[in-house]
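Reading through the structure tokens given below for one structure.
The values are calculated or read from the model by the stated rules, or taken from the named source; none is laboratory data. These figures come from a predicted structure and were not determined experimentally. With ideal geometry, Cβ positions are generated from the backbone for all residues, glycine too; neighbour counts draw on all protein chains shown.
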Amino acid sequence: MPGTLTRPELTAADRCDRCGAAAKLRAVLPSGSELLFCGHHARAYEDGLREVQADLQQGEQ
């Protein structure tokens, strides 16, 4: 997975857009939209996000 965040750090208030768990990954789409994912969903969607050239920003572990 990717490196550091370029936008504000993810906090405990940031939740996965798929299931509501704590967000571990921010995916910034080419349009500028953002999606947040927990570790499980980040792994599940990583290939598709890379395919659409999303900027993947991993939060702290």
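Couple of notes before you dig in:
- Odd one out for D47, checked against (1) modelled with pLDDT of 95 or more; (2) out of contact with any helix residue (DSSP H, G or I) (no Cβ under 7 Å at 6 or more places or on another chain); (3) surrounded by 10 or more Cβ atoms within 10 Å (Cβ to Cβ): (3)
- The residue that is nearest to E60 (Cα to Cα), counting only those in the stretch 23-49 that are in a strand (DSSP E or B) and touching a Phe, Trp or Tyr at 6+ places or on another chain (Cβ under 9 Å), is L25.
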